[in-house]
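Student: This structure is in structure tokens; I'll ask about it shortly.
The values are calculated or read from the model by the stated rules, or taken from the named source; none is laboratory data. It should be emphasised that the depicted structure is a prediction, and the values quoted were computed from it without experimental measurement. Counting neighbours? That spans all protein chains shown, and the Cβs are built from the backbone with ideal geometry, glycine included.
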Amino acid sequence: MERATDVPESTAQSAEPDRVNDYDGFAEAYSAENENSLVNAYYERPAMLALAGDVAGHRVLDAGCGSGPLAAALCERGAVVTGIDASAGMLALARRRLGNDVALHVVDLRDRLPFGDGVFDDVVASLVLHYLEDWGPTLAELRRVLRPGGRLIASVDHPVTAYTIRDPRPDYFATTAYTFDWILGGQSIPMRFWRKPLHAMIDAFTHAGFRLSAITEPQPDPAARELFPDGFHDLSTKPCFLFFVVEVPPSAAGSDE
């Protein structure tokens, strides 16, 4: 699920657990906000697509596809895309965007995925892992559905941002939840995420059987400089998201299929 524009840190506050992350409740506003926003349209999605590279003919699972902007871009590049998301409201918007040629499923990433072993060449997980306290079961499932040599391309909140800018906490090495509000369509939307230190993220990937290929901190699209002059400077000088490419070792052949 991709991130809409964050509100300033001064609005960070506690949120009731049963009210947070209610994507069904604000699907339309969220989708409209991140369609052309600086952090999504000119930073996060271009970075994910650049890391994915040539996906023509690839079977790609968009894990946490939201309303489908990344899935649509992958389809345009020739990928055969399947989308999953925990929000039925977001998937309804994805269906409107993608039509009936893309398989879409309501799936919670904490559950077993409804796919066989080794059926995908790539998985993209765009700003979704930081919703999970424990990445282990989810990463194990994503690895299971990838073929040997397949890739997981993931973006998450940058740990520096999560620990020092939003709702600061003194212990960088602890895995902790934090909450704050997004402002969408003039409404205050309570959100909760989990932050981990970098070593814990890498350990989670390797313990799930992935091999680390790349960690990147990309710059925003230069085209955004004129469109978002103030935001562009902040985004190009301060950490926001962290991007990973991890692979299933080719030696896994025979064990996953």
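Student: Restricting attention to the stretch 140-177, report how many residues are polar (S, T, N, Q) and out of contact with any strand residue (DSSP E or B) (no Cβ under 9 Å at 6 or more places or on another chain).
Tutor: Of the residues in the stretch 140-177, 1 are polar (S, T, N, Q) and out of contact with any strand residue (DSSP E or B) (no Cβ under 9 Å at 6 or more places or on another chain).
Student: Something else about it: Output the qualifying pairs, or none if there are none: Cβ atoms under 6 angstrom, residues six or more apart or on different chains, first residue in the stretch 229-243 and over 22 Å from residue 154 (Cβ atoms), second residue assigned to a helix (DSSP H, G or I) and charged (D, E, K, R).
Tutor: 232/225
Student: For the stretch 68-75, does any single residue satisfy the condition of being surrounded by fewer than 22 Cβ atoms within 10 Å (Cβ to Cβ), among the aliphatic types (A, V, I, L, M), in a helix (DSSP H, G or I) and modelled with pLDDT of 95 or more?
Tutor: Yes, there is a match, as at least one residue in the stretch 68-75 is surrounded by fewer than 22 Cβ atoms within 10 Å (Cβ to Cβ), among the aliphatic types (A, V, I, L, M), in a helix (DSSP H, G or I) and modelled with pLDDT of 95 or more.
Student: What tally of residues in the stretch 73-96 results from selecting those that are of a type in the set (A, V, I, L, M), under 12 Å from residue 31 (Cβ atoms) and under 15 Å from the mean Cα position of the chain (by Cα)?
Tutor: 1
Student: Has the stretch 52-63 got at least one residue that is at positive phi, buried (at least 19 other Cβ atoms within 10 Å of the Cβ) and outside any strand (DSSP E or B)?
Tutor: For the stretch 52-63, residues at positive phi, buried (at least 19 other Cβ atoms within 10 Å of the Cβ) and outside any strand (DSSP E or B): absent.
Student: Does the stretch 111-133 include one or more residues that are out of contact with any Asp or Glu (no Cβ under 6 Å at 6 or more places or on another chain), within 21 Å of residue 90 (Cα to Cα) and acidic (Asp, Glu)?
Tutor: yes
Student: Then there is this: Output the residue which, of all residues in the stretch 75-106 that are of a type in the set (Val, Ile, Thr) and free of Cβ contacts under 8 Å to residues at least 24 places away in the same chain, is farthest from residue 52 (Cα to Cα).
Tutor: 106
Student: If I filter the stretch 108-130 for residues that are of a type in the set (Phe, Trp, Tyr) and within 11 Å of the chain's Cα centre (by Cα), do I get at least one hit?
Tutor: no
Student: Given 79, 47, 41, which one is in contact with a strand residue (DSSP E or B) (Cβ under 8 Å, 6 or more places away or on another chain) and under 26 Å from residue 237 (Cβ atoms)?
Tutor: Result of the check over 79, 47, 41: 47.
Student: Which one of the conditions (1) more than 26 Å from residue 171 (Cα to Cα); (2) loosely packed, with under 15 Cβ neighbours inside 10 Å; (3) not aromatic (Phe, Trp, Tyr) does residue 234 fail to meet, given that it meets all the rest?
Tutor: Checking residue 234 against (1) more than 26 Å from residue 171 (Cα to Cα); (2) loosely packed, with under 15 Cβ neighbours inside 10 Å; (3) not aromatic (Phe, Trp, Tyr), the one that fails is (1).
Student: Same structure, new question: Which one is modelled with the lowest pLDDT, of the residues in the stretch 76-107 that are among the acidic types (Asp, Glu) and either assigned to a loop (DSSP other than H, G, I, E, B) or surrounded by 13 or more Cβ atoms within 10 Å (Cβ to Cβ) (or both)?
Tutor: 101
Student: Please list, ordered by residue number, the strands (runs of 3 or more DSSP E) wholly in the stretch 138-218 having 2 or more residues that are at pLDDT 95 or above.
Tutor: 146-157, 211-216
Student: Another one. Cβ-Cβ distance below 7 Å, separation of 6 or more or different chains: which pairs start in the stretch 192-211 with a residue that is within 29 Å of residue 23 (Cβ to Cβ) and end on one that is assigned to a helix (DSSP H, G or I) and of a type in the set (Lys, Arg)?
Tutor: Close Cβ pairs (under 7 Å, with a partner that is assigned to a helix (DSSP H, G or I) and of a type in the set (Lys, Arg)) amount to 208/143; 210/143.
Student: What are the pairs with Cβ atoms under 8 angstrom where one residue, in the stretch 139-155, is within 11 Å of residue 59 (Cα to Cα) and the other, located anywhere, is modelled with pLDDT under 95? Sequence gap at least six, or different chains.
Tutor: 146/256; 147/256; 147/257
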